[in-house]
Every structure is written in C-alpha cells, then in structure tokens.
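Taking it in order: structure first as structure tokens, then the write-up.
The values are calculated or read from the model by the stated rules, or taken from the named source; none is laboratory data. As the structure is a prediction and not an experimental result, all values here were calculated from the model. Glycine also receives a Cβ, built like all others from the backbone with ideal geometry; neighbour counts cover every protein chain displayed. Note: accessible area is taken over every heavy atom of the protein model, side chains too, but ligands, DNA and RNA are not part of it. Shrake-Rupley method; radii C 1.70, N 1.55, O 1.52, S 1.80 Å.
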Amino acid sequence: MAAPQILIVEDEAVTRNTLKGIFEAEGYVVLEAEEGEQMHRVLKNNSVDLVVMDINLPGKNGLLLARELREYANLPLIFLTGRDNEVDKILGLEIGADDYLTKPFNPRELTIRARNLLHRVMVQHEKENRNGREFYRFNGWTLNLNSHNLINPEGEEFKLPRSEFRAMLHFCENPGKLQTREELLMKMTGRELKPQDRTVDVTIRRIRKHFEDHPGTPEIIATVHGEGYRFCGEIE
Ligand code: CA
C-alpha cells in the first residue's frame, strides 16, 4: 500500500504550505488546490484518501464544494474554519464533514484527527474485503478478527494492541510471504518508514513473546535478515 494522499483545498498560500509541511512530516503525500475547479480536477486524476478544506475560498465556498464532492466521492473530509459561527453551519448542513478545526489550529491535533479518520476508513475497507471471515487458525492458535484477541491452544485469550493485531492480520493474509519493514509499518500505522524507526521490530518482538511463552509452538514469525519478516504458521 502506498502512503495515503491528502488533498488540501485552501487559497491562502501560507496556510497551504503550513498544512503541506505538517502532513509531509507525517509521511503523507500532499496534493493542493486553491479553489473548487482545481479541487475537482485533482480528485479526478488522483486517488485521494482524505480532503482538508478551508471554508473561505474564492468563488464557491467550502460548504458548497463539499456538497459537490459528495455527489461523486465518499471521502473523509476535515473542514478548517476561521470563525466559530461557521461551526454551526458545518454541523447543521449535514454535508457529511467528518471533522472540523478552527483556525489557528494546533498541528498535532490536526494530524491526530487526520490519522484517526484515515484509520477508520482503512479498517472499514478491510472489513469489507474480508468476506465475513471472523478467524484465522494456525498451529493451534486463533486470531479473532472481531475482538482482536490472540487465543493460545489452551484457550487463553490475549487482547492485542492495535499495531500488533494489524501486523498479525497482515501476516495471516499473506502466509509464507516476505514482509518488508516498510510494508509492515504502513499496515500497522499508516506511516512511511524512516531511518532509526524501530516500531516494527519492537512490535514483532512483542508478538513473538506470546508464542515463545508457549512451549510446543514452532517458530511462527521468522526473521529474514536485512529484509523483514515472514509468517511461517500453517493456516488451517
Ligand atoms: Ca481561505
């Protein structure tokens, strides 16, 4: 999976550049539009995952554009507004804004909300792709896709934190295949890998601990030196 693409719709160059910097630092790909026509054009030519839109734009304002956008795309949308009294409009018009922030916004807050929205959409897509599957079973163990529990052969259940569950799910969906750190980190967190990022290795170590604590379980996640990891469990 490639890095998520975020489209910023904002006519003020300074704010647009600030937003671009914030999202690029998080590893997202940033696309830009200054007004509605450009926005539609960018959306037609790219696979955008999230739209961040200012309400005050030249020509059609953000509220009108959101309504147009909804006619052909069901994308998560975050509004930016300069005035508190616009918040009522955003909420009242029911144009399907998923979130909003008032300017001046806090960069950290913005990235958290963007990440949550992207994650929600990703999880939804995965559920739809699973075709009703609720479990993966391998070597006596079970991964419950609804509760995110890992269940050992004796029936003891361990609730996996989000990143561990997402890594296990990805392994079970791709048994025997090499998974690079880049792929795993993207699956786990939606982020791109940067040098010195040990998230993947730390997460794998935690997952392995479950299996290592259980005598009789063979190696489930093998290290492929210099490349990544491979799931060696036998999926039933
Ligand atoms: Ca503006």
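Are any residues in the range 194-232 within 16 Å of GLU164 (Cα to Cα) and touching a residue at least 40 places away in the same chain (Cβ under 8 Å), and if so, which ones?
Passing the criteria: THR203, ARG206, ILE207, HIS210, PHE211, ILE220, ILE221, GLY228, TYR229, ARG230, PHE231.
With the requirement that a residue be modelled with pLDDT of 80 or more, more than 21 Å from the chain's Cα centre (by Cα) and not in a loop (DSSP other than H, G, I, E, B), what does the range 79-133 give you?
THR81, THR102
Residue by residue through the range 184-200, note down the ones that are at negative phi and surrounded by 13 or more Cβ atoms within 10 Å (Cβ to Cβ).
LEU184, LEU185, MET186, LYS187, MET188, THR189, ARG191, GLU192, LEU193, ASP197, THR199, VAL200, listed by residue number.
I need the full set of residues from the range 53-82 which are among the hydrophobic types (A, V, I, L, M, F, W, C) and either within 11 Å of the ligand (Cβ to nearest atom) or open to solvent by 70 Å² or more (accessible area, probe 1.4 Å) (or both), in order please. Write out each step before concluding.
Step one: list which residues in the range 53-82 are among the hydrophobic types (A, V, I, L, M, F, W, C), which gives 53, 55, 57, 63-66, 69, 73, 75, 77-80.
The answer is MET53, ILE55, LEU57, LEU64, LEU80.
Here are VAL14, VAL42: which of them is within 15 Å of the ligand (Cβ to nearest atom) and out of contact with any helix residue (DSSP H, G or I) (no Cβ under 9 Å at 6 or more places or on another chain)?
VAL14
Residue under question is PHE23, and the condition is that it be under 22 Å from THR111 (Cβ atoms), within 16 Å of the ligand (Cβ to nearest atom) and hydrophobic (A, V, I, L, M, F, W, C); does it hold?
no
Between a first residue in the range 11-30 that is open to solvent by less than 40 Å² (accessible area, probe 1.4 Å) and a second residue that is acidic (Asp, Glu), which pairs have beta carbons less than 6 Å apart while being 6 or more apart in sequence or on different chains?
ARG16/GLU10; ARG16/GLU32; GLY27/GLU192; VAL30/GLU24
Is there a residue in the range 136-159 that is surrounded by fewer than 12 Cβ atoms within 10 Å (Cβ to Cβ) and basic (Lys, Arg)?
Yes, because at least one residue in the range 136-159 is surrounded by fewer than 12 Cβ atoms within 10 Å (Cβ to Cβ) and basic (Lys, Arg).
What are the pairs, 6+ residues apart or on separate chains, where a residue within the range 46-61 that is farther than 21 Å from ARG113 by Cβ has its Cβ under 8 Å from a residue that is within 10 Å of the ligand (Cβ to nearest atom) and open to solvent by 10 Å² or more (accessible area, probe 1.4 Å)?
Here the result reads PRO58/ASP11; PRO58/GLU34; PRO58/GLU35; GLY59/GLU35; LYS60/GLU35, each pair linking the range 46-61 to a residue that is within 10 Å of the ligand (Cβ to nearest atom) and open to solvent by 10 Å² or more (accessible area, probe 1.4 Å).
Which residues, counting only those in the range 31-65, are under 18 Å from GLY82 (Cα atoms) and either acidic (Asp, Glu) or more than 26 Å from the chain's Cα centre (by Cα) (or both)?
Hits for the range 31-65 are GLU34, GLU35, ASP54, ASN56, LEU57, PRO58, GLY59, LYS60, ASN61, LEU64.
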